[in-house]
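*Asks:* After the structure tokens below, expect a handful of questions from me.
Read the figures in this text as sums done on the coordinates, not as results from a lab. Since we're looking at a predicted model, the values are computed, not measured. Positions of Cβ are backbone-derived with ideal geometry, glycine not excepted, and every protein chain shown enters the neighbour counts.
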Amino acid sequence: MIEALEARGLKKAFNGVKAADDVSVVIRSGEIVSLIGANGAGKTTFVNMVTGYLKPDSGTILSQGREITGLKPREITRLGVCRSFQIPQVFNDLSLEENLLVAVNVALKGAARSHSPLRNAGNRNARQMADEILVRFKLEDYRHNRANEVSGGTRKLLDVGMATISHPRVLLLDEPTSGVASNEKFAFMDVVMNALADEEVAVMFIEHDMDIVRRYAHRVIVFHEGRVLADGATEDALNQDDVKRYVTGSAA
Amino acid sequence: MLSLQRNVALGALALTIALAVLGAFVPEWILYTCALVLAKGLVVLGLCLLLRMNLVSFGQGLYYCAGAYICGLVSQMGISDAFFLTFLAALGSAVVGLILGLFLSGYRSVFFAMFNLALSMILYGVLLKSISLGGSDGVGVAAPTYLGYAPDGEMRLYVFFVFALAVAGASSVFAFLYTKSEMGLASASVKDCEIRLEYLGLSVRYLIIFNFVIASTLAGIGGALVAMVSGHIIPELAYWTTSGEFVFITVLSGPNGILSAFGATAVFETIRLVAGQNMPNSWQMLLGSFLLLSILFMPNGISGLFRRAKAPKPDAVGEGINND
């Protein structure tokens, strides 16, 4: 079986500090996996290696059986591994609709050289696709607002929406609920998960809020000091003693 | 989409014809100034495209000068067709823009601005010292012909004005459609977030080079027009004050307009003309004060005045996803 994402023996050190120490992980299509761990445990380093922002010192990464180790972010993105960011990376000066149109045109046309210098970016086909994402992520009301005029939660939804347009096979969400008001976190995750429900995608999200993890993740991968401390079905993993001791802090 | 293209092209055509008719009734010095405004406006139009990406070139004189010299030197060989010379200047400056763009696209902000400045000053120095290219005296440019038609006497300037109008009109239509296009929208988002573009799968470097080549092509076309209307080219076309003038006008125009690029150039040339005549020793001071006031009161330039009037009110700002 070809896995959506497979990492084998990833190692990465920063000035001697091991941010990833022999990390091996397999994610299958349709799974919703949460990465947890204390700050500095290596979660973001892992996501950054998978998406090409960092090159691992050793080890290999495969997506759908294809090696993606050391490729550029845009090459990895085109192979179906997309991400959102802890701090939303959106185009603040453009409206939400225009933000999505940029992403839609990439999904339709691919690389920059295939973009037309004359064809309207808001052509009917592109606009339809952008509309669909606006509706799915409940952003219709803000379509004409510039991204710097909307709330943090709305910007986060936009960020995830932009990462979803090209129908990725693997979607990595870096702390999707950070910066979202605590009483809105569940509503926020409901919107995201409902929007992704029909996609054939493996979702991996970094999360610190265990209520969110319990509610949305099928499986949990626990990082500790650059290593995978536990990997299993959500409740099983969270109930392991060393996970309680080092990560969730609810020592038995 | 097709109707947008058609409407813009028709609008530009109507405006061009109207101005061409109007041009037949104005004195020669106004016609000359207008031709100059069209030439320089094209350079400014290119700078506006770069400014949309938050890139400012303090050396756009380089491509302006390259276009002018290509036009002038080829006209010395006995080829005087305005269409051909303009095409050649556009092609030449596009190639220069592509080569330098490959290097410059790795830089941003002040480094990008200053490298452009440095390169333009190198061209200035080379031209100044090249006796075969006329040295500091420059080179004369033969009177242009138009597909075999050689106007003479009073008609010469008017026909050139109409030609320059047509070139500027066509370039403006292209620039307008470009800013609305797939490529144009992606380019406009570079200034906000390069990381997102890379993670969508776009090469920011490619976008910068693409826009840089368009800007240098427009500057080269402007240079060719200026060579033909003035009948003479000199190394000062690449001098830093020439480039500075273009940046000055671009700030006045603001990044988001097409007509505003030409409007700002017209304002600039008018102030210089009027101030130069009435206060010959302190006209720079007036120009400086004018720029100061325009930055204070219209930070987004002339184009910003029109944009602000259309912008939606911010009272529709969302508080969060639950707030519906």
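*Asks:* Can you pull the one-decimal nm distance between simple spin-label points at B:A24 and A:E132, each 7 Å off the Cα toward Cβ?
*Replies:* Rounded to a tenth, the inter-label distance reads 5.5 nm.
*Asks:* What 222 nm value per residue comes from the helices of chain A, counting each DSSP H run with n ≥ 4 as -39,500 (n - 2.57) and dividing by all residues, nearest 500 deg cm²/dmol?
*Replies:* Roughly -9000 deg cm²/dmol at 222 nm, from the helical runs in chain A.
*Asks:* Could you check the simple spin-label distance between A:A187 and B:D152, using points 7 Å along Cα→Cβ, in nm with one decimal?
*Replies:* Here the answer is 8.2 nm between the modelled labels.
*Asks:* When 1/r is averaged over all different Cα pairs and the result inverted, which Kirkwood radius in Å belongs to segment A:122-252? Don't skip to the answer; put the middle values down first.
*Replies:* On the way: mean 1/r = 0.0612 Å⁻¹.
Roughly 16.3 Å, rounded to one decimal.
*Asks:* Return P(r) of segment A:59-177 (all Cα-Cα pairs; 5 Å bins starting at 0; whole %; ordered from short to long distances).
*Replies:* Going from the shortest bin to the longest, the percentages are 2, 11, 21, 22, 20, 13, 7, 3, 1, 0.
*Asks:* I would also like to ask the following. Check the straight Cα-Cα distances from A:K43 and name the aspartates and glutamates below 15 Å, setting aside those fewer than 8 residues away within the same chain.
*Replies:* A:D21, A:D22, A:D174, A:E175, A:E207, A:D209, A:E225, A:D231
*Asks:* Note down the relative contact order for segment B:9-241 as a percent, whole number, built from C-alpha pairs under 8 angstrom at least six residues apart.
*Replies:* 44 percent
*Asks:* I would also like to ask the following. Let me check I've understood the local charge: for A:F223, count other residues with C-beta under 13 angstrom from its C-beta, Lys and Arg +1, Asp and Glu -1. What total comes out?
*Replies:* Details: positive: A:K12, A:K18, A:K43, A:R227; negative: A:D21, A:D22, A:E207, A:E225, A:D231, A:D242.
Result for the local shell: -2.
*Asks:* Could you please report the charge total around B:R205, scoring K, R as +1 and D, E as -1 over all other residues with beta-carbon less than 12 angstrom from its beta-carbon?
*Replies:* Taking every other residue near B:R205 into account, the sum is +2.
*Asks:* Under unit Cβ charges (Lys, Arg +1; Asp, Glu -1), what dipole magnitude, rounded to 20 debye, does segment A:5-248 have relative to its Cα centre?
*Replies:* With Lys and Arg at +1 and Asp and Glu at -1, about 840 debye.
*Asks:* Structure shown: which of A:K55/A:K156; B:K40/B:K191; A:K156/B:K191; A:K11/A:K138; A:K72/A:K244 lie over 29 Å apart, alpha-carbon to alpha-carbon?
*Replies:* Where the Cα-Cα span goes over 29 Å, the pairs concerned are A:K11/A:K138; A:K72/A:K244.
*Asks:* Set the Förster distance to 60 Å, then compute FRET efficiency between B:I122 and A:R28 from the Cβ-Cβ distance, nearest 0.05. All intermediate terms of the calculation are to be shown ahead of the outcome.
*Replies:* Numbers: r = 58 Å, r/R0 = 0.97.
Efficiency for this residue pair is about 0.55.
*Asks:* Kirkwood Rh over alpha-carbon pairs of chain A, then Stokes-Einstein at 25 °C and 0.890 mPa s: what D in µm² s⁻¹, rounded to an integer?
*Replies:* 131 µm²/s
*Asks:* May I ask for log10 I(q)/I(0) of the protein assembly as shown at q = 0.10, 0.12 Å⁻¹, from a Debye sum over the Cα atoms as equal point scatterers with solvent left out?
*Replies:* Listed by q, the Debye log ratios stand at -0.88, -1.10.
*Asks:* How charged is the neighbourhood of B:V173? Take every other residue with its Cβ under 14 Å from the Cβ of B:V173, and add Lys/Arg as +1 and Asp/Glu as -1.
*Replies:* +2
*Asks:* Another question, if that's okay. Take every Cα-Cα pair in segment B:49-146 and report what % of them are more than 17 Å apart.
*Replies:* Values: 2663 of 4753 pairs.
More than 17 Å apart: 56 percent of the Cα pairs in segment B:49-146.
*Asks:* What FRET efficiency comes out for the pair A:K18/A:E235, r = Cβ-Cβ distance, R0 = 25 Å, nearest 0.05?
*Replies:* 0.30
*Asks:* May I pose another question? What is chain A's relative contact order, in percent, from Cα pairs under 8 angstrom and six or more apart in sequence?
*Replies:* 27 percent
*Asks:* Moving to a separate point now. Quick one: pull the percentage of alpha-carbon pairs in segment B:18-77 with a separation above 17 Å.
*Replies:* Considering segment B:18-77, 57 percent of its Cα-Cα pairs are separated by more than 17 Å.
*Asks:* With no solvent and one point on each alpha carbon, what is the Debye value of log10 I(q)/I(0) for segment B:9-241 at q = 0.08, 0.10, 0.13 Å⁻¹?
*Replies:* Values, matching the q order: -0.30, -0.47, -0.77.
*Asks:* Looking at segment B:1-85, which chymotrypsin sites (Phe, Trp or Tyr not before Pro) are DSSP coil and have at most 15 other C-beta atoms within 10 Å of their C-beta?
*Replies:* Listed in order of number, the matching sites are B:F25.
*Asks:* Can you tell me the Rg and Dmax of segment A:72-141, counting just the alpha carbons, in angstroms?
*Replies:* For segment A:72-141, the Cα radius of gyration and maximum Cα-Cα distance read 12.7, 35 Å.
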